[in-house]
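What follows draws every value from the coordinates through simple rules; no lab data is involved. Predicted model only: the values in this text are computed from it and were never measured. With ideal geometry, Cβ positions are generated from the backbone for all residues, glycine too; neighbour counts draw on all protein chains shown.
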Amino acid sequence: MRLSKFPLHTAKETPADAEVVSHQLMLRAGYIRKLGAGLYSWLPLGLRTLGKISQIVREEMNAAGALELLMPAVQPAELWQESGRWGVMGDEMLRFKDRHKNDFCYGPTHEEVICHHVKQDFRSYKQLPVNFYQIQTKFRDERRPRFGVMRAREFLMKDAYSFHLDTADLEREYYNMRGAYTRIFTRIGADFRVVKADSGNIGGAMSEEFHILAGSGEDLLAVAEGGTYAANVEAAETRPSGQPRAAASAALEKVSTPGQKTCEQVSKFMNVPLTGKVKLLVVKAAGGGLIGIALRGDHELNEIKAAKHPKIASPFEMAKPEDVQKAFGCEVGYLGPVGCPIPVIADHAAVEFADFVCGANDNDHHYKGANWGRDCAEPETADLRQVCEGDPSPDGKGVIKFYRGIEGGHIFQLGQKYTKAMSLSVLDAQGQAVTPEMGCYGIGVSRMAAAVIEQSHDANGIIWPDAIAPFRVLICPIGMDKSAAVKEAAESLYAALTQAGIEAALDDRGQRPGAMFADADLIGIPHRVVIGDKGLANAQFEYKHRRAASAEMIPATAEAVLEK
Ligand code: ATP
Ligand code: MG
Ligand code: MG
Ligand code: MG
């Protein structure tokens, strides 16, 4: 590609509303442009990377035996009513009516649609197993779209759905997909971990997430050093004692609160003066126990006090943010289980949680003074979590260390949740009707691009792994318009690389070297070849890998460049 015909839209300034480095760099380097909250266009440069990620995913899915299809983004409500999810998806699902006043949604996921098709076409056990996948646009009306394409509302997902005669075959395919995902994440060049996960509202028994490790990750992972245990803390096993850690328990005040049940009692334990606009919300947690959250209606979040039951495993059946909003007259962004990012008031996006005081409820006791702190990984935070940093791993092998991760993929053994609800059945060898077992497997294709940047950048810009760079090599001729030798060398290198199947870009815009190199670093092309009269006099090109501290001289031949 000639950059004179492939305009770059780079900028020096860091966009004000971009919080994380990948979002800043994708905007600055001209990969994406914002259209609205959580809505992004992919410019030609960005689309090349998105296409590379899609292609790696496609190749590995095909190699694993999955079949590509394409389903509509718009889905009729009937399917969701049939599965029972129309009522439970909440505001994350974008719903609308067509001209005939029929209800539709823009698909946040496709379990219902694929079940509908399999039901139409599959009759016999001989047709199973099967695994269908698509790479397609999803819409989820995220409460807090942020971090650019990382948590967008409209985004590109690879979703796959498999159907099996029995659980053993489902398990086999699950591990087949787990292998394919491992190859995908490896090829993309990501440093990742596979962790035990919570199945969320997709449902089912066994599930694991593929996390790209990055400090900006929204999830906290408990990974055993010197062992194999790894879990999203949301899904981590309870520590054996179920009690706060000995080291920190001295700082915790244990208040005896026999039979604590009522709103009044919880409010008393939490020591919240219920005056003026202050209100208290008490939420029943899954498995019993109460979670009380008190906050002031006037948005002073450091007044929030909360109590949670440390013994209850995730997921908490937390208050819906809408309900909290209604109760307190202020907007609450997110309420999660212990160890998660804490409620965020929408118009106070970056609230300091340093003096955020919370407590923990135990049976007939309340712990005061257990503070989550600003960062979930702080030691005092860990006291309320099921798994703590430094603990022995629940399986006894290794010691727990916490990492932050970006969820790039998620695989599930769904079982019969959807196939039953949607009355799928096939006849087995004996002519008996059986309900197929189902698995589903997702990858956030667009999220992956941003997640890789979170891991791979420096002060000057993006550093793409070769596999997903928009171009592999950037040729930067110095004074191409003045020097026939430079022009000739640049053109012939460009032709030779293209001939060899290497995606090269030729910076023939006539920019000064400084500007040319700044763009090269910002957009993150892994290999840069500078061609100037000086080097050519010694029959040399200047070569620099984007990651290298300095450039080196190499013979002025395409072969020497190809060796890099
Ligand atoms: P998250 O916990 O980040 O909200 P999820 O668990 O809701 O993700 P899944 O239903 O497991 O997401 O969807 C499969 C994949 O789609 C995720 O692993 C993630 O990579 C991607 N994904 C989900 N939501 C978004 C989003 N809002 N923007 C971009 N990618 C997303
Ligand atoms: Mg989600
Ligand atoms: Mg998740
Ligand atoms: Mg998930």
Hydrodynamic radius (Kirkwood) for segment 460-514, which is based on Cα pairs only, to one decimal in Å: 12.2 Å
Å³ per residue enclosed by the Cα convex hull of segment 71-195: 149 Å³
Cα-Cα over 30 Å, subset of Lys101/Lys138; Lys34/Lys401; Lys158/Lys544; Lys34/Lys564: Lys34/Lys401; Lys158/Lys544; Lys34/Lys564
Intensity falloff of segment 148-237 expressed as log10 I(q)/I(0), Debye formula with alpha-carbon point scatterers, at q = 0.13, 0.24 Å⁻¹: -0.53, -1.55
Relative pair counts by distance (%), Cα atoms of segment 41-113, 5 Å bins: 3, 13, 18, 14, 15, 14, 15, 7, 1
Normalised contact order of segment 1-143, rounded percent, pairs of Cα under 8 Å and 6 or more residues apart: 21 percent
Computed P(r) (all Cα pairs; segment 406-564; 5 Å bins; percent): 2, 8, 14, 15, 13, 9, 6, 5, 4, 5, 5, 5, 4, 3, 2, 1, 0
Convex hull (Cα only) mean projected area of segment 11-150, reported in nm² to one decimal: 11.3 nm²
Burial order of peptide ranges 144-157, 121-134 (average beta-carbon count within 10 Å, highest first): 144-157, 121-134
Segment 5-126 - charge dipole about Cα centre, Lys and Arg +1 at Cβ, Asp and Glu -1, debye rounded to 20: 500 debye
